[in-house]
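The values are calculated or read from the model by the stated rules, or taken from the named source; none is laboratory data. Just so we're clear, the structure is a prediction, and the values are computed from it rather than from any experiment. No Cβ is skipped: glycine too gets one built from the backbone with ideal geometry, and neighbour counts run over all protein chains shown. Ligands, DNA and RNA are stripped out before the accessible areas are found, and what is left, the full protein with its side chains, is counted by its heavy atoms. Shrake-Rupley method; radii C 1.70, N 1.55, O 1.52, S 1.80 Å.
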Amino acid sequence: MRPRRVAALAAAALAVFAAAAGCAPRPGAKAPAPAPQRGLDWADGAVFYEVFVRSFQDSDGDGKGDLRGLIARLDYLNDGNPATDGDLEVDALWLMPVFVSPSYHGYDTTDYDNINPDYGTNDDFARLTSEAHKRGIRIVVDLVLNHTSNKHPWFIDSASSAKSPKRDWYVWSPTDLGWGQPWNPAGKTWHPLNGAYYYGLFWAGMPDLNYKNAEVRAEARRIAALWLGRGVDGFRLDATRHLIETGPGEGGQNDTAETHAFLKEFAAFVRETKPAAVLIGENWTETPIIARYFGDTAKVPGGDELQLNFDFPLAGRIIAAARQGEAKLVAEKIVEMQKTYPLGAVWTPFLTNHDMHRVATNLKDDQGKLRTAAAILLTLPGAPFLYYGEEIGLDNGPGNADEEKRTPMPWDASKGGGFTTGAPWHDFAPGRDTTNVAAQANDPRSLLTHYRRLIRARHASRALRRGRVDVLAGEGPLLAYTLTEGDDRVLVAHNLVDSPQTAAVKVAGAAQPLLVADGASFAAGSVSLPPHASGIWRLK
């Protein structure tokens, strides 16, 4: 991996880009020296980018995105050169499932050892990791441990006989125990087959693995070691709240002590195998429950369980704040997280993901609100995640099906959208004529340029990446806070509405613009912002 950009290059690149985008100059501004190395160093402050490979770039004209296509687009994500400003400059990619699967989405695996032929080969994956690492991009892959496909050879063997050696690899009962889904009590979780019932929390096609079985736990470790050895830098773990069930309902199907114990065991193995690897948990619940999934941060930097846990409640608050123009929604959640998360936990903010309506759809394509949501996301500490297309304002397709949240990436306005020379596996989302990369790439006022500027500002400030947050203005249309990390301290302010705003902030000392919208100012303890504008100032 290339080291983090040196301070001078970071400052120079940001100054050039800010000037081109109409931001205030930063005379003499310099990024602080890199922080001392510590546990989870690379991921704490990194910007992640979630990719659905099937929808990102097709290399062979079959209408499906693939690994070779993704390789061809790596320079869009990060070209590895800190002196350029035409890339997003993300630090890591999260690949949605890429293992063999019978479905378009891949969350029902049939072979954990091999790449889905739709996406290429294991050799293609090796080339992807090599090319990504050359550019300073880490690779995290989706690892679906909770369940397999019912077409997996393990399950076929398990279901063949009560005496099968793999019978206990899944959860069986002679009767239907009648458990509902925790989020839907009427949903079926016990499914009949060959005179017995197996447990499948999500649906019959995804039978749950039995992690009470030592052989299954060993197999999970083997799979992790295999892919870590193939160059991945960590795993996003799907459905981590549901790994081991002990009974029906909230206390038995969610967040059991046995689930936490398994995650600690698995995390310890991953740390031993590849100390720099990161584990990211999908725990779609409230803040106090999410907090438990970090585990012990005193024992292991970042936590001895999952070092990153998606901040689902914060995501909803950011979008609601941008929609309603109310800073309190975000400020309250920041305070709750600070009180609830263990000391040293790394925040993992995001806006939307592959299971949610896209942020542009949520905010009705309002460019001011989209800019506000992006600015809040990328000026919070920790490891923010972007969902592919978010940076250009990509909308959902029509309807509510998951496929409509995962439509092909529009690179240009041509028939194939620059995505494929053939017929795309799914229709593009509406608005492709203007919502595409080519239309925004060289526009200094575009949403894409806004994202690029914000990410470069993060890279130029240790405080933005890792700082302690202190809210200064957290009610009404203006949100302001400081972030402090060592001797680096910044003031961040966001105007959430479409009229100019001014507010007093209790900040002493001189301020130097880091990334400031035209017309924004900070002086004598007062910050003023044009409509839907943000400002970042380094404090002296």
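Numbers for the structure displayed
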{"quantity": "Those strands (runs of 3 or more DSSP E) lying entirely in the stretch 436-525 with at least 1 residues within 14 Å of Leu539 (Cβ to Cβ) and among the basic types (Lys, Arg)", "calculated": "468-474, 488-495"}
{"quantity": "Single unsatisfied condition, Glu250 versus (1) free of Cβ contacts under 8 Å to residues at least 60 places away in the same chain; (2) surrounded by fewer than 16 Cβ atoms within 10 Å (Cβ to Cβ)", "calculated": "(1)"}
{"quantity": "First in the stretch 430-444 and in contact (Cβ under 8 Å) with a residue 60 or more places away in the chain and more than 20 Å from His357 (Cβ to Cβ), second anywhere and part of a helix (DSSP H, G or I) and open to solvent by 50 Å² or more (accessible area, probe 1.4 Å), Cβ under 7 Å, 6 or more apart", "calculated": "Pro444/Ala20"}
{"quantity": "Long-range neighbours under 7 Å by Cβ, at least six apart or interchain, first residue open to solvent by 60 Å² or more (accessible area, probe 1.4 Å) within the stretch 146-161, second assigned to a loop (DSSP other than H, G, I, E, B)", "calculated": "Lys151/Pro102; Lys151/Thr110"}
{"quantity": "Condition met for Thr352 (closer than 20 Å to Ile280 by Cβ, touching a helix residue (DSSP H, G or I) at 6+ places or on another chain (Cβ under 6 Å) and either open to solvent by 10 Å² or more (accessible area, probe 1.4 Å) or touching a residue at least 60 places away in the same chain (Cβ under 8 Å) (or both))", "calculated": "no"}
{"quantity": "Qualifying residue in the stretch 403-415 (condition: aliphatic (A, V, I, L, M) and either in contact with a Gly (Cβ under 8 Å, 6 or more places away or on another chain) or not in a loop (DSSP other than H, G, I, E, B) (or both))", "calculated": "yes"}
{"quantity": "Residue check for Asp255: in contact with a Lys or Arg (Cβ under 6 Å, 6 or more places away or on another chain), within 26 Å of Asn150 (Cα to Cα) and of a type in the set (D, E, K, R)", "calculated": "yes"}
{"quantity": "Complete set of residues in the stretch 147-180 that are outside any loop (DSSP other than H, G, I, E, B), among the polar types (S, T, N, Q) and within 27 Å of Gly251 (Cα to Cα)", "calculated": "Ser173"}
{"quantity": "Selection within the stretch 65-76 - closer than 30 Å to Pro444 by Cβ, touching a Leu at 6+ places or on another chain (Cβ under 9 Å) and buried (at least 23 other Cβ atoms within 10 Å of the Cβ)", "calculated": "Leu70"}
{"quantity": "The one condition in (1) of a type outside the set (Ser, Thr, Tyr); (2) open to solvent by less than 10 Å² (accessible area, probe 1.4 Å); (3) at negative phi; (4) not in a helix (DSSP H, G or I) that Phe125 fails to fulfil", "calculated": "(4)"}
{"quantity": "Count of residues meeting criterion [of a type outside the set (A, V, I, L, M), assigned to a loop (DSSP other than H, G, I, E, B) and open to solvent by less than 40 Å² (accessible area, probe 1.4 Å)] in the stretch 526-540", "calculated": "2"}
{"quantity": "Filter result (surrounded by fewer than 21 Cβ atoms within 10 Å (Cβ to Cβ), in contact with a Lys or Arg (Cβ under 9 Å, 6 or more places away or on another chain) and closer than 20 Å to Pro444 by Cα) within the stretch 499-525", "calculated": "Pro513"}
{"quantity": "Tally, over the stretch 218-237, of residues that are part of a loop (DSSP other than H, G, I, E, B) and either polar (S, T, N, Q) or crowded, with 20+ Cβ neighbours inside 10 Å (or both)", "calculated": "2"}
{"quantity": "Any pair with Cβ under 8 angstrom, 6 or more apart, that starts in the stretch 108-135 at a residue that is closer than 26 Å to Gly80 by Cα and ends at one that is among the small types (Gly, Ala, Ser) and buried (at least 21 other Cβ atoms within 10 Å of the Cβ)", "calculated": "Tyr119/Gly65"}
{"quantity": "Enumeration of residues in the stretch 86-106 that are more than 17 Å from Phe48 (Cα to Cα) and buried (at least 19 other Cβ atoms within 10 Å of the Cβ)", "calculated": "Val98, Phe99, Val100, Ser101, Gly106"}
{"quantity": "The stretch 390-436: number of residues that are among the aliphatic types (A, V, I, L, M) and surrounded by 20 or more Cβ atoms within 10 Å (Cβ to Cβ)", "calculated": "4"}
{"quantity": "Residue in the stretch 1-24 that is of a type in the set (Lys, Arg), modelled with pLDDT under 50, within 19 Å of Leu128 (Cα to Cα) and surrounded by fewer than 22 Cβ atoms within 10 Å (Cβ to Cβ) present", "calculated": "yes"}
{"quantity": "Qualifying residue in the stretch 344-360 (condition: more than 15 Å from the chain's Cα centre (by Cα) and polar (S, T, N, Q))", "calculated": "no"}
{"quantity": "Members of the stretch 437-453 that are open to solvent by 10 Å² or more (accessible area, probe 1.4 Å) and among the hydrophobic types (A, V, I, L, M, F, W, C)", "calculated": "Val437, Ala438, Ala439, Ala441"}
{"quantity": "Only one of Asp118, Asp62 that is over 20 Å from His354 (Cβ atoms) and open to solvent by 10 Å² or more (accessible area, probe 1.4 Å)", "calculated": "Asp62"}
{"quantity": "Residue within the stretch 193-202 that is open to solvent by 60 Å² or more (accessible area, probe 1.4 Å), in a loop (DSSP other than H, G, I, E, B), at pLDDT 95 or above and touching a His at 6+ places or on another chain (Cβ under 8 Å) present", "calculated": "yes"}
{"quantity": "Odd one out for Ala524, checked against (1) in contact with a strand residue (DSSP E or B) (Cβ under 8 Å, 6 or more places away or on another chain); (2) more than 22 Å from Arg371 (Cβ to Cβ)", "calculated": "(1)"}
{"quantity": "Identity of the residue in the stretch 282-327, among the basic types (Lys, Arg) and under 21 Å from Gly474 (Cβ atoms), that ends up most open to solvent (accessible area, probe 1.4 Å)", "calculated": "Arg323"}
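One line per residue, one yes/no per condition, for (1) more than 21 Å from Asp355 (Cβ to Cβ); (2) of a type in the set (A, V, I, L, M, F, W, C):
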site	(1), (2)
Gly106	no, no
Thr110	yes, no
Asp113	yes, no
Ala132	yes, yes
Gly136	yes, no
Leu145	no, yes
Pro153	yes, no
Asp157	yes, no
